[in-house]
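A short write-up of the structure that comes next.
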Amino acid sequence: MKREEVKTSYKWKLDDIYPDDKAWEEDFALAQKQLCFTQYRGKLHDKVQLLSFHKAMDEFGKRLDKLAAYAHLHHDGDINNNEYAVMYSKIHALYSKYSTEVSFYEPEVSKLDDGFLDSLISDPDFSDYDYHFKRVKARKKHAVSEEEEKIIGLAYDVFGMFSDTFGVLDNLDLPLPEIEYGGEKTKLSHGLYGVIIHGDDREKRREAYEKYYAAYLGLINTITSTYVGNVKSDVLLSKVYKFSSCLDMALFEEDVDRAVYDNLLKCVDKNLSSMHRYIADRKKILGYDKQYFYDIYAPLVSGVDFKLPYDEAFDFVVSGLSVLGEEYCRLFKKGRDERWIDVEETDGKRNGAYCASCYGVHPYVLLNYHPSISEVFTIAHEMGHAMHTYFSQNNQPYYKSQYKIFVGEVASTVNEVLLLKYMLSTATDINLKKYLLNYYLDTIRVTLHRQTMFAEFESEVHTVLEKEQPLTKENMCAIYTEISKKYYGEEIEHDDKIACEWARVPHFYSSFYVYKYATGIISAINIAKRILSEGGSAVKDYMKFLSGGASTDPVSLLKLAGVDLSKSQPFEIAMREFEETLDEFEKLMGL
Ligand SMILES: [Zn+2]
């Protein structure tokens, strides 16, 4: 389909940002003129100057966000349109100029004394920045000399090379072989591997798995060296910044207490018997004597026909979320009616789905809608992001409006869980029920258990180097196998390929990132369950969370919605949810 052929109500309304390109150009020129902050250099110890600097930064930031959103969304709507590609690159240039221009800020505020910082934190004039200055104060404990900071700044590029090298290897140099698929020989890309491994054809899955892992195993020495380099740079930085471990450094950056991380690992560990049961069930349902890792994504329930045209799908999602109350649903529909959403797949449009924010305007959602059950969940998911963005931007000042990664997937997952429960409670087709229960189990397995398993692996690997012991491919594969056996149990065969699965996970190059997926889904399950059992009061609390943006630390934000991750209870609730879903699934499957 061509973009011109799409009906207007299915295209996002980007003239809410700027009426036309000319208006964008004018505002861009204004931004260029506005980009001048050096007059504040050396003056940030003065309250008046500091406040004026922050206000000026906010004004500039808002303008830059609008400019960027307009260029980026137009560009994603039609990647072949050169005009927007040019706009997009102009924005990139402006961004890098901006970060150079304000680079004096960090070192200067880190030298402000505690008394002065306290006076900022309690000053109503600085209320937009109170949390920011609390963090500045906390970071002082880990400050280094200016000379050291300069050297580290220069070295960051070098540290980043491990991740870059793996990226190049994984996306360009990895010798992925050919495979016969759909009647023709084609390269076994990452995308195709994903399709095959989720498919019905066991022999094809086995072939793809063997070939895919052989490519990584062939480069295992190189990948080991790259990954060890990455861990070594974490260890070096944690020592320079006076943290007791790499994990503590990562948690400090997020402003998350160590108890959250420990609760996660402990609680998942304690409840692995239900995972073992699920893995054993899979083997039984699939009817295999032996189950291998190329079977772990094989579909258990097929023949589900759930194809709604977009308008019906959207209304269906709204019905599923009606428990969130009138205001939420009204805004949800407003998003559709006022064209926040780009619905159809068209030539040159970016694939996938996402939500983008634009402060002062409204969020935008990109879809490529095709009638299927998973895309109904995509609407709920992306609109969940949009609502979180909307509420935060309408209740927080600019500086506190953009929610952080730690809470970033909570609102989207709450919607998915609520929709799933609605579908389960209304479905009359037993096969659809089986499918939904299995979908839920797999979502929790992949987002909660698997990511916690990854977290445990990276934690152990970092500890090895912190204790100054050698990190080799042999001990990393041994650590991985041991953890994987613990997570999946006896009913799946561990071979030499799965032992090196760590070698193909790009996320390991952003150390201590994956646990946030697990805490995200745990929080969402808790919130959804509470809303379904308590109704109005729980919804009210949830709205406080959605309106919280980045006004304080992520654990406190979640507490607003009634989830206290510093305690073990929410983790236990999520594990019970998995177990109860499994009970129900087994009953329906006649196990
Ligand atoms: Zn998302």
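Applying the set (1) open to solvent by 40 Å² or more (accessible area, probe 1.4 Å); (2) touching a Leu at 6+ places or on another chain (Cβ under 8 Å) to F126 leaves exactly one unmet item: (1).
Residue count for the range 358-383 satisfying the condition of being within 16 Å of the ligand (Cβ to nearest atom) and in contact with a strand residue (DSSP E or B) (Cβ under 8 Å, 6 or more places away or on another chain): 7. Kindly check whether there is at least one residue in the range 328-351 that is within 16 Å of the ligand (Cβ to nearest atom) and open to solvent by 30 Å² or more (accessible area, probe 1.4 Å). Within the range 328-351, one or more residues are within 16 Å of the ligand (Cβ to nearest atom) and open to solvent by 30 Å² or more (accessible area, probe 1.4 Å). The set of residues in the range 7-53 being farther than 23 Å from S96 by Cα, surrounded by 14 or more Cβ atoms within 10 Å (Cβ to Cβ) and among the hydrophobic types (A, V, I, L, M, F, W, C) consists of W12, L14, L51.
Condition check for N80 on (1) over 30 Å from L154 (Cα atoms); (2) surrounded by 15 or more Cβ atoms within 10 Å (Cβ to Cβ): one failure, at (2). Restricting V318, V343 to those that are without any contact (Cβ under 8 Å) to a residue 60 or more places away in the chain, touching a helix residue (DSSP H, G or I) at 6+ places or on another chain (Cβ under 9 Å) and of a type in the set (A, V, I, L, M) reduces the list to V318. A search for C-beta distances below 7 Å between a residue of the range 508-526 that is within 13 Å of V555 (Cβ to Cβ) and any residue that is open to solvent by 10 Å² or more (accessible area, probe 1.4 Å) and of a type in the set (D, E), counting only pairs 6+ apart in sequence or on different chains, returns G520/E409. Restricting attention to the range 414-443, which residues are within 16 Å of the ligand (Cβ to nearest atom) and open to solvent by less than 20 Å² (accessible area, probe 1.4 Å)? Correct list: V414, N415, V417, L418, L419, L420.
Pick from the range 181-210 the residues that are basic (K, R) and touching a Leu at 6+ places or on another chain (Cβ under 9 Å): which of them is nearest to Q291 (Cα to Cα)? Across the range 181-210, the extreme among qualifying residues is R202. Of the residues screened, T481 is not one that is open to solvent by 20 Å² or more (accessible area, probe 1.4 Å) and within 16 Å of the ligand (Cβ to nearest atom).
Once the range 502-536 is narrowed to residues that are open to solvent by 10 Å² or more (accessible area, probe 1.4 Å) and of a type in the set (A, V, I, L, M), the residue that is farthest from T452 (Cα to Cα) is L532. Within the range 555-580, the residues that satisfy the criterion of being assigned to a helix (DSSP H, G or I) and either open to solvent by 10 Å² or more (accessible area, probe 1.4 Å) or of a type in the set (D, E, K, R) (or both) are V555, S556, K559, L560, Q569, E572, I573, R576, E577, E579, E580. Within the range 250-297, the set of residues being open to solvent by 30 Å² or more (accessible area, probe 1.4 Å) and part of a loop (DSSP other than H, G, I, E, B) comprises D255, D257, G287, Y288, D289, K290, Y292, Y297.
Quickly run through the range 94-123 and pick out the residues that are within 29 Å of the chain's Cα centre (by Cα), open to solvent by 20 Å² or more (accessible area, probe 1.4 Å), in contact (Cβ under 8 Å) with a residue 12 or more places away in the chain and within 18 Å of Y399 (Cβ to Cβ). Let's see the steps before the verdict.
At the first step, the residues of the range 94-123 found to be within 29 Å of the chain's Cα centre (by Cα) are 94-100, 102-103, 105-106.
Subset that is open to solvent by 20 Å² or more (accessible area, probe 1.4 Å): 95-100, 102-103, 106.
In the following step, the residues that additionally are in contact (Cβ under 8 Å) with a residue 12 or more places away in the chain were identified as 95, 97-98, 102.
Result: Y95, Y98, V102.
The residue of the range 384-407 that is nearest to A528 (Cα to Cα), among those that are within 11 Å of the ligand (Cβ to nearest atom) and open to solvent by less than 10 Å² (accessible area, probe 1.4 Å), is G384. Considering the range 581-590, and only residues there that are in a helix (DSSP H, G or I) and not β-branched (V, I, T), the residue that is most open to solvent (accessible area, probe 1.4 Å) turns out to be K587.
The values are calculated or read from the model by the stated rules, or taken from the named source; none is laboratory data. Values in this document were obtained by computation on a predicted structure and should not be read as measured data. A quick note on method: Cβ atoms are made from the backbone with ideal geometry, for glycine too, and the neighbour counts reach across all protein chains shown. Heavy atoms of the whole protein, side chains included, go into the accessibility calculation; ligands, DNA and RNA do not. Shrake-Rupley method; radii C 1.70, N 1.55, O 1.52, S 1.80 Å.
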